[in-house]
Structures are given as C-alpha cells and as structure tokens.
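Data first, discussion second: the structure below is written as structure tokens.
The values are calculated or read from the model by the stated rules, or taken from the named source; none is laboratory data. Note that the coordinates shown come from a computational prediction; the quantities given were computed from them, not determined experimentally. Here the Cβ positions follow ideal geometry from the backbone for every residue, glycine too, while neighbour counts run over all protein chains shown.
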Amino acid sequence: MKKFIIVILALLTLIEACAPSTDKLTFRPDGTFRILQFTDLHLQLFHPDQVADVFTRMDSLVRQADPDLIAVTGDLLYSSPADSLMQLIVGRLDSYARPWAIVYGNHDHEHGLTLAQLSPIITSGRHTINTLAPSGVLADMEIPVFKTPGRAGGDRTRHARPFIKYRHARHDRASFYLFFLDSHAYSTDPIDYSNFSYAWFEPEQVEWVRHTAGQHPNTPSIAFFHIPFPEYAEVTNYVGEWTEPVCCPKYNSGMFGAMKETGFIATFCGHDHDNSYAGIYDNVLLAYGRYSGSNGEYNHLPKGARLITLRYDGSLQTCILDASGSHDLVSFPE
Ligand SMILES: [Zn+2]
Ligand SMILES: [Zn+2]
C-alpha cells in the first residue's frame with residue numbers, strides 16, 4: 001500500500017512538472033508581472049522571408065522583455081492557407097514556453113477558415129491560456145494574476161464568457177485582472193454598412209464585463225482587444241506615436257463606460273499600424289501596441305512590441321520595445 005501511494009505521489013509530481021505553465025498567473029517575488037504585447041503580425045505564408053523576419057524579431061523581443069505572459073492583439077493572418085499559418089504561429093508562441101493569449105483582429109477570418117475553424121488550432125497550443133466558447137470561437141476571458149503561487153493544478157480561476165459562474169474561490173487574492181475581448185471585424189448593420197464601419201463590442205460583452213469586473217471593482221483590471229473604441233481619439237497627455245487617425249467603430253458600444261465603472265485602469269489595442277501612443281481619457285490609460293508584423297501591410301514605425309509591467313500595488317509601467325531599445329515610458333497612475 002505504501003509503495004502504491006509513493007507511486008501515485010511520484011506520478012502526480014510528474015504530471016505537475018509536465019503541466020503547461022498556464023495554470024495560474026502570479027507576480028514575481030519582486031512584485032511585478034510582465035506582459036509582452038505583439039500586434040498585427042500580418043503574416044503571409046507565400047512570403048517565407050517575411051515570416052522568418054517577424055519570428056526572428058519576436059524571438060529577440062521575448063529575450064529582451066523576459067515576459068510572464070505574451071498577448072497578441074489581432075490581425076495575425078494575412079494569407080491562406082490559414083490553418084498552416086496559424087499552426088506556425090502557435091508553434092512559435094509555444095516555443096517560448098510562457099503563457100500566451102490571442103485575440104482576433106478584423107483580418108483573421110478572411111483567409112479561407114472561419115474563426116470557429118481557426119480557434120481549436122489556437123487552443124491546441126501547449127502554453128496558451130485561450131479557451132473555446134460554446135460557439136467554438138475563442139472565448140472572451142477574465143484572467144486573474146495572483147500575488148503568490150497557490151497549489152499547482154486544479155486551481156484555474158480563469159473565467160470565460162459566458163461561464164459567469166466560474167470559480168471564484170481564490171479571486172480574493174488576485175491583484176490584477178486581465179481581460180481578453182473579441183472586438184470583431186466589420187459592422188453588419190445594413191444602414192451603417194453602406195457607409196463602412198468597423199464592428200463594435202456587442203451589448204452582451206459590455207454587460208459581461210460590467211458584471212464580471214463589477215464583482216471586484218477595487219482590484220485593477222486591464223483589457224486587450226484589437227479595434228480601438230472611440231475614446232481612443234479623445235485622449236490627452238499622450239506619449240508615443242500618433243500618425244494616423246483612430247480607425248474605430250462609428251458607434252460607441254459603451255464598453256469604455258463599463259470598464260470605467262468597474263476598476264479598469266488601462267486598455268491595449270492594435271489595428272492602427274502607425275499609432276503606438278498611450279494617453280489618458282477620463283483617468284484611464286488607453287494604449288496601442290506597436291506594429292510587430294511583416295511588410296505585407298502599411299507600417300511606417302519601427303517594428304516592435306509593447307511591454308507592460310504590472311505591479312501588485314495596482315500600478316503599471318509600459319513602454320515600447322523596438323530595435324532602438326525601450327522608449328515612450330509611461331507610469332500609471334503617476
Ligand atoms: Zn492590422
Ligand atoms: Zn485590424
């Protein structure tokens with residue numbers, strides 16, 4: 001019996017050691033949690049030199065940033081075959097052996113596969129924290145970041161829409177919440193569509209954010225999504241590059257208001273390749289990433305990424321990383 005227990009314990013230890021590093025996100029002993037945001041890869045499989053260029057840059061930025069989590073905010077694909085291309089991306093992200101999450105952009109569904117067909121490729125990644133919604137597409141997620149490591153395994157508290165009754169057992173110890181939201185692609189409103197507009201968050205998403213983050217309004221949250229909301233055009237005191245108009249939906253979904261009410265301190269988007277600023281609107285930091293992709297689309301800024309360093313006192317620092325080093329540093333709240 002004793003031997004049997006020892007074997008079971010050894011097996012459990014082995015399973016734990018082999019488990020992907022995605023069970024629980026925790027701050028480092030120095031009180032920081034580092035997120036590297038890539039955005040707008042725009043990869044085209046028939047340009048292998050460009051794919052290699054993007055991946056080499058990603059490798060170097062991961063080495064430079066040493067992140068605890070990698071976030072990719074949309075427009076990953078820019079050619080077919082979408083399955084091979086997405087598998088390449090998943091393989092590359094997994095090679096860093098750190099937790100990673102993707103949100104879709106407005107171009108990812110345009111290359112022969114629906115989002116429901118692409119999503120299982122993403123969730124097959126060994127180190128991804130993405131999950132599937134019942135519809136088969138990537139779920140919107142709320143991910144807690146904890147002060148201290150808890151029990152390994154069996155302790156996933158990530159929280160995917162619409163499973164709003166997901167575990168909350170350890171949420172009281174979370175120091176930050178990360179939201180990953182699908183900002184969709186184009187407006188399907190027939191009147192608006194004749195005039196072209198990007199999509200906006202659905203009312204159900206706004207309500208989910210209000211409900212979910214509303215359960216911990218005194219713990220700061222941040223959000224990642226692809227298409228900026230209209231408030232991005234209204235920021236003041238911005239730091240960084242603002243060299244094209246904010247290409248947001250014409251309709252205001254109210255998502256910013258829901259976030260403002262429920263303790264969000266910052267949001268991070270992609271989509272506008274020539275913007276990489278971070279500015280203030282109504283005391284919330286609204287930031288773009290930095291274009292990380294190929295030359296297959298317009299881009300006039302040095303390619304790079306954004307580093308976000310959360311602190312468990314509820315503040316953050318963020319800067320742009322590119323070939324020239326790190327710059328455009330913002331501390332928030334100041
Ligand atoms: Zn793009
Ligand atoms: Zn886009």
Does residue 293 qualify as being within 16 Å of ligand 2 (Cβ to nearest atom) and either farther than 25 Å from residue 188 by Cβ or of a type in the set (Ser, Thr, Tyr) (or both)?
-> yes
Which one is nearest to ligand 2 (Cβ to nearest atom) among residues in the range 216-256 that are part of a strand (DSSP E or B), closer than 14 Å to residue 289 by Cβ and among the aromatic types (Phe, Trp, Tyr)?
-> 224
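Does residue 306 qualify as being under 15 Å from residue 331 (Cβ atoms) and within 16 Å of ligand 1 (Cβ to nearest atom)? Don't jump to the end; show me each part of the working.
On the way: under 15 Å from residue 331 (Cβ atoms): yes; within 16 Å of ligand 1 (Cβ to nearest atom): yes.
So residue 306 fits the description; yes.
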All conditions in (1) in contact with a strand residue (DSSP E or B) (Cβ under 9 Å, 6 or more places away or on another chain); (2) at pLDDT 95 or above; (3) surrounded by fewer than 20 Cβ atoms within 10 Å (Cβ to Cβ); (4) not aromatic (Phe, Trp, Tyr) are true of residue 282 except (1)
Would you say residue 293 is within 20 Å of residue 260 (Cα to Cα) and either of a type outside the set (A, V, I, L, M) or part of a strand (DSSP E or B) (or both)?
-> no
How do the pairs read when you match residues in the range 80-108 that are at positive phi and in contact (Cβ under 8 Å) with a residue 40 or more places away in the chain with residues anywhere that are among the small types (Gly, Ala, Ser) and surrounded by fewer than 24 Cβ atoms within 10 Å (Cβ to Cβ), using Cβ under 9 Å and keeping only pairs 6 or more apart or on different chains?
-> 97/21
The range 235-263 - residue that is among the aromatic types (Phe, Trp, Tyr) and surrounded by fewer than 20 Cβ atoms within 10 Å (Cβ to Cβ) and, of those, nearest to the chain's Cα centre (by Cα) | 242
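Report whether or not residue 34 is in contact (Cβ under 8 Å) with a residue 60 or more places away in the chain, among the charged types (D, E, K, R) and touching a Ser or Thr at 6+ places or on another chain (Cβ under 6 Å). Write out each step before concluding.
Working: in contact (Cβ under 8 Å) with a residue 60 or more places away in the chain: yes; among the charged types (D, E, K, R): yes; touching a Ser or Thr at 6+ places or on another chain (Cβ under 6 Å): yes.
So residue 34 passes the test.
Which residue, of 80, 95, is of a type in the set (Ser, Thr, Tyr) and within 17 Å of residue 43 (Cα to Cα)? Reasoning before the result, please.
Numbers: 95 fails: within 17 Å of residue 43 (Cα to Cα).
One residue alone meets the criteria, 80.
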So which pairs qualify, if the first residue must be in the range 261-277 and closer than 16 Å to residue 243 by Cβ, the second must be modelled with pLDDT of 95 or more and more than 16 Å from ligand 1 (Cβ to nearest atom), the Cβ gap must be under 6 Å, and the two must be at least 6 apart or on different chains?
-> 275/242; 276/240; 276/320; 277/238; 277/240; 277/242
Does the range 273-289 contain any residue that is over 18 Å from residue 71 (Cβ atoms) and polar (S, T, N, Q)?
-> yes
Residue hits (the range 90-114; more than 16 Å from ligand 1 (Cβ to nearest atom), crowded, with 17+ Cβ neighbours inside 10 Å and not in a loop (DSSP other than H, G, I, E, B)) are 90, 92, 93, 100, 101
